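Trainee: Below is a structure I'd like to ask you about.
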């Protein structure tokens, strides 16, 4: 038998509470009930002489004890004097301030003076500016706190407020790794930045991040002097609907998660639905080791925080509903579509319906669930859409390893998934005059263990960098656009004997041989032609392929190309009829474009979201060699940006009778593949993968394609704000970014 209930010890906030203590509390309530709860808690801490290390009374701990005893029904506390809020509603007492605008360089404001609020006058000023200028107004700071006013010479430029850290914060608790008892013991080493206000008359770049960095150094010293406690961690909340948190990021704070949309009220919490971003700053990287009293615990470095950010586990009944708004899916992820609340509710069902199209390719129920999880993760608004964040957000920590194995090791029918994807995108986009586009895209990598990684040209950076490179094919028509195939480019050195162990580790196929990028592109185009799924009369490509004679010569004979070329490419200008010049003129295309005889035409390329998009175009008949034979005759097509005057150069094998209007149409449809890369990397996690193996890279790209196709499908379902001519709305965005803005 257990001990009788009355003999069990009652411990609250680390203090054993006896029956005699409860009698003392009841007497204090009876005696000081009219003075309020705070007064009673102070009297209780005085009676017990319960003090912190710095000698100050543990008033806050006593309040927790009173609250717990009240919850247990052992005491009856008086009614709170301010049940609704701690916000000060007294009349605003005016303070005279110089509000003349401050502009210019931050160096002109230095040195800054960060003064603690220590007297009544400075306290009145701090209260005044927060009530008048801070969007949250003025509130009495909770628990231990410190306030600052920041001056440049005699001008007030900022105000700050720090207070005791919140008791429960899942994202912070997750990265620190403390349990409930450890948090209770060490929470005093964490501090919350509850107010940070740059005065509205201050318009100086980088002033906020500079003040944050400066104030932290002074804060550590002042806090020890005032409370005798070393600070290890700082936290703050940023409302993403109003701010982007850039000043915290610039001051090396790390976003570690989001609040759940609750706020403290009286004895519990109420849900308000306004989630805020949580930023965290580590003052002592050994804080976790001190809490655990274990030197083998990891240091809380920036790298550790970024790789261990918190993503809440979802209830199982909502796992398949990732696409609805409460799970952070953004209806703005696909440009040009606006959705109502009822529309958003339809999306979960549409995603499940869409996913069933591919379920035949997965062998077991677990694989079907993991595939849906990965697809949902790519469609979410996670900051980084790699395996671990996706698993933590949607399935929990115990599924991280399962998702890793699903992407790298599990057996499932990738060929079926790829074929079904092509079949479905063909149903949506197919047109007789469609355009196929070929381009490469790179992802920068730091290490050397990922399959195919090497120092090679990176198009995004415009220089040689350690990266992986893929070759992609996209299909575009007036109905839309999408990526339809890909190949990972593996540099030639990876096939040398010294790379054998690395090839095996990355699970590269044994029969894989080195192929140049143009060869990979021809391979994909041939397969698409044999499949019969896509009809197209044109192929466009980047200069990597346009500068390759082998690539152009091996394209399907019935297809025309419009191929980007380098400005240094040499051609021979064909003499025009009626010209006195009978000889071919040799020259670089960049020199030819500057010739005064080139007839530039300002034309509307497309109809963009903000109006017509214009560009200068011109075309000239040229020969690709000096033979002058008809089979070597081509169009040199030129495009010039009206603002930057930058010129793009293309060669085309289209016949002489091809209209300029048709070539402009194809020119505009060149950019959907660039748009696909932009959307894929910014919205669908295309570059967020951390896989190292050959199978995992290909599988990740397959899921990126599936995510993009789902967005194409919902664009068709929710056509409320899309243009009637798809090509001249969305494609114009891509074309504009390439130099055709008005």
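Trainee: Order of 212-220, 628-636 by packing, highest average Cβ count within 10 Å first? Mind showing how you got there, number by number?
Mentor: Values: 212-220: 17.2, 628-636: 14.7.
The peptides rank, most packed first, as 212-220, 628-636.
Trainee: Still on this structure: List 119, 439 from most exposed to least, where exposure is judged by having the fewest other Cβ atoms within 10 Å. Walk me through the numbers before you get to the answer.
Mentor: Working: 119 8, 439 25.
Going from sparsest to densest Cβ surroundings: 119, 439.
Trainee: Counting other beta carbons within 10 Å of each Cβ, put 689, 481 in order, fewest first. The partial results should precede the final answer.
Mentor: Numbers: 689 22, 481 29.
Neighbour counts put them in this order, fewest first: 689, 481.
Trainee: With just the Cα atoms of region 5-71, tell me how far they stretch along each of the three principal axes, in Å, largest first.
Mentor: Projected onto the principal axes, the Cα atoms of region 5-71 cover 33, 31, 18 Å.
Trainee: Something else about it: Sort 383-391, 511-519, 95-103 by packing, meaning the average of other beta carbons within 10 Å per residue, with the highest value first.
Mentor: Highest to lowest by the protection proxy: 383-391, 511-519, 95-103.
Trainee: Can you tell me which of 670-680, 448-458 comes out highest on packing, and rank the rest after it, using the mean Cβ neighbours within 10 Å? Don't jump to the answer; show the numbers that get you there.
Mentor: Details: 670-680: 23.6, 448-458: 16.9.
In descending order of packing, they fall as 670-680, 448-458.
Trainee: Using only Cα atoms, locate the centre of region 424-495 and the centre of region 140-162, then give the distance between them in Å, rounded to an integer.
Mentor: Going from one Cα centre to the other spans 52 Å.
Trainee: Something else: Which of 496, 431 has the fewest other C-beta atoms within 10 Å, and how do the rest follow up to the most?
Mentor: On the way: 496 11, 431 16.
By the 10 Å Cβ count, ascending, the order reads 496, 431.
Trainee: Here's another thing I want to ask about it. Where the convex hull is taken over the Cα atoms of region 410-453, what is its projected area averaged over directions, in nm²? Please list the in-between numbers first.
Mentor: Values: hull surface 21.6 nm².
Mean projected area for region 410-453: 5.4 nm², to one decimal.
Trainee: Same structure again: Where both partners of a DSSP beta bridge lie in region 102-307, what percent of those bridges are antiparallel, to the nearest 5? Display every interim value, and only then the final one.
Mentor: Values: 34 of 40 bridges.
Of all bridge pairs located within region 102-307, approximately 85 percent are antiparallel.
Trainee: Given an 8 Å cut-off on Cα distances and at least 6 residues of separation, report the relative contact order of region 5-71 as a percent.
Mentor: Working: 44 pairs, mean separation 18.2, N = 67.
So the answer I get is 27 percent.
Trainee: Still on this structure, please answer the following. What FRET efficiency, computed as 1/(1 + (r/R0)^6) with R0 = 22 Å and r the Cβ-Cβ distance, is obtained for residue 645 and residue 464, rounded to the nearest 0.05?
Mentor: Details: r = 28 Å, r/R0 = 1.26.
Step by step, r from the Cβ atoms, then E = 0.20.
Since every read-out is calculated from the coordinates, none of them should be taken as a lab result. Small disclaimer: the values here were computed from a predicted structure and weren't measured. Glycine gets a Cβ as well: all are built from the backbone with ideal geometry, and neighbour counts include every protein chain shown.
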